[in-house]
Amino acid sequence: MNPKFNPLFQSYILNNQVEIKNRLVVAPMTHFGSNPDGTLGEAEREFISNRAQDMGMFILAATLVQDGGKAFPGQPEAIRAAQLPSLKATADIIKAQGAKAILQLHHGGKLAVTELLNGKDKISASADEATGTRAASKEEIHALIDAFANAADLAIQAGFDGVEIHGANNYLIQQFYSAHSNRRTDEWGGSRENRMRFPLAIVDSVLAVKAKHGKDDFIVGYRFSPEEPEESGLTMEDTFALIDALKDKALQYLHISLHDFYKKARRGADTNAFRMQLVHDRIGGKLPLIGVGALFTAEQILAAYNTGWAEFIALGKTVMINPTIATLIKTGREAEIVTELDPNKPDQYGIKGLLWELCVKGSPMLPPLKGDKNWHTVDI
């Protein structure tokens, strides 16, 4: 390995004394590869089978916690005991490659896909006519919180090393925290404190499951998006308030969702400052931060890490087209890393089914296609 990349392969000990072997993380990526019942599909199996080698952590695709929240076809699920064998097989595939296996817990809320809900109502913090969503009742809110706890319980039983609570990308949890999407007037809406009640209740419910099992070495992280574009949407000031609450919880890490590591703040903070740096400064060393955002080459990954704005660097699109990127860097073969996907080489990436079809079409959530210089920048 080129010595300059040594910092990426330093270990890190979390606050629960779990050691992560290096600073590289596989970001959660939508693979569209699970079976219709949410169990491990062959396309998913192939996708995850060779991407965890020499990585510190591997965060699995957004995994549904309750019927009625499925946001994409081929989404994995952690809802019922019958899915335990599948969940265990998924965890085992990642752990066999030497990375910590982290299950991301998710509900789509108003972004759920009606055709995938089997007749269930689409629910969120408030009604949304454009998406056919109704406001969740108080009883349904408690059921949603319990669903996240149940998924964490299944993850522990299945042998996962941890879970990540998906509070980003405008899915259900963020919908409750945002004043743009949460217009409730009860204790679950209105003030910032009330809007924060739902995400914090989920954190507490997951941590309670961890305590019930006596699993001090179980990792619990939280992912968030720092801002929203709408006038009444989340600002950096809102995110700072959330961070202040989260960093006092018994979490192991925070994970920001950005399509550009170097994106500057929109409002609610110095607009000349980088979001990543602002967030890291606000955390103040209480928890490690996972940074992410359009980092394709070894040099870009190292430069991002060397900013000091994140203790870990998550990689998404580049892992999709370089399944062994960590190994390439570790073995001094970083020159072999590619930065665009060749649609004429379907056997090169371990990508099948709907995901490959989208790759060939050049979906904006995927890596740039060979010959396409307009790099896509939508979060994955």
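Of note:
- Here the Karplus curve 6.51 cos²θ - 1.76 cosθ + 1.60, taken at θ = phi - 60°, turns the phi angles of the stretch 340-351 into couplings of 8, 8, 9, x, 8, 10, x, 8, 7, 10, x, 10 Hz, with x standing for Gly and Pro.
- Using only alpha carbons, the stretch 315-358 has a radius of gyration to Kirkwood radius ratio (Rg to Rh) of 0.99.
- Along the stretch 24-38 the Karplus relation, 6.51 cos²θ - 1.76 cosθ + 1.60 evaluated at θ = phi - 60°, assigns HN-Hα couplings of 9, 10, 7, 5, x, 10, 5, 10, 6, x, 7, 5, x, 8, x Hz to successive residues, with x for each Gly and Pro.
- Partners for Lys286 among lysines (Cα-Cα distance below 18 Å; same-chain residues under 8 apart left out): Lys247, Lys249
- When you restrict to C-alpha pairs under 8 Å that are six or more residues apart and normalise by the size of the stretch 202-355, the relative contact order lands at 16 percent.
- q = 0.14, 0.16, 0.18 Å⁻¹, the stretch 1-74: log10 I(q)/I(0) [Debye, one scatterer per Cα]: -0.60, -0.72, -0.82
- Radius, Kirkwood style, for the chain when every pair of distinct Cα atoms is counted (Å): 20.8
- Too-long pairs where the Cα-Cα distance tops 22 Å, listed order kept, from Lys100/Lys317; Lys100/Lys330; Lys138/Lys215: Lys138/Lys215
- For Arg183 and Phe9, the FRET efficiency from 1/(1 + (r/R0)^6), where r spans their Cβ atoms and R0 equals 56 Å, is about 0.75.
- Rounded to the nearest 500, the 222 nm mean residue ellipticity of the chain from helices alone is -9000 deg cm²/dmol, with -39,500 (n - 2.57) taken per DSSP H run of at least 4 residues.
- Amide proton proximity set for Leu315, modelled H, under 5 Å, gap of 5+: Val25, Val26, Ala27
- Mean Cα-pair separation over length for the chain, i.e. relative contact order, pairs under 8 Å, 6 or more apart, %: 16
- In sequence order, calculated HN-Hα J values of the stretch 44-49 (Karplus, 6.51, -1.76, 1.60; Hz; x Gly/Pro): 5, 4, 5, 4, 8, 6
- In this simple spin-label approximation, Glu19 and Asn306 carry label points 7 Å from Cα along the Cα→Cβ vector, and these lie 2.7 nm apart.
- The Ala245 and Gln348 beta-carbon pair, evaluated with R₀ = 35 Å, returns a calculated FRET efficiency of approximately 0.20.
- One chain, two ends: Asp216 and Glu140. Fully extended at 0.36 nm per residue, the span grows by 24.4 nm beyond their Cα-Cα distance.
- List Val360, Val163, ordered by accessible area with a 1.4 Å probe, largest first: Val360, Val163
- Cα gyration tensor category, rounded, prolate or oblate, for the stretch 209-328 with a/c compared to 1.5: oblate
The values are calculated or read from the model by the stated rules, or taken from the named source; none is laboratory data. What you are looking at is a predicted structure, and each value in this text was computed from that prediction instead of being measured. Ideal geometry is used to build each Cβ from the backbone, glycine not excepted, and the neighbour counts take in all protein chains shown. Note: areas computed on protein heavy atoms with side chains; ligands, DNA, RNA excluded. Shrake-Rupley method; radii C 1.70, N 1.55, O 1.52, S 1.80 Å.
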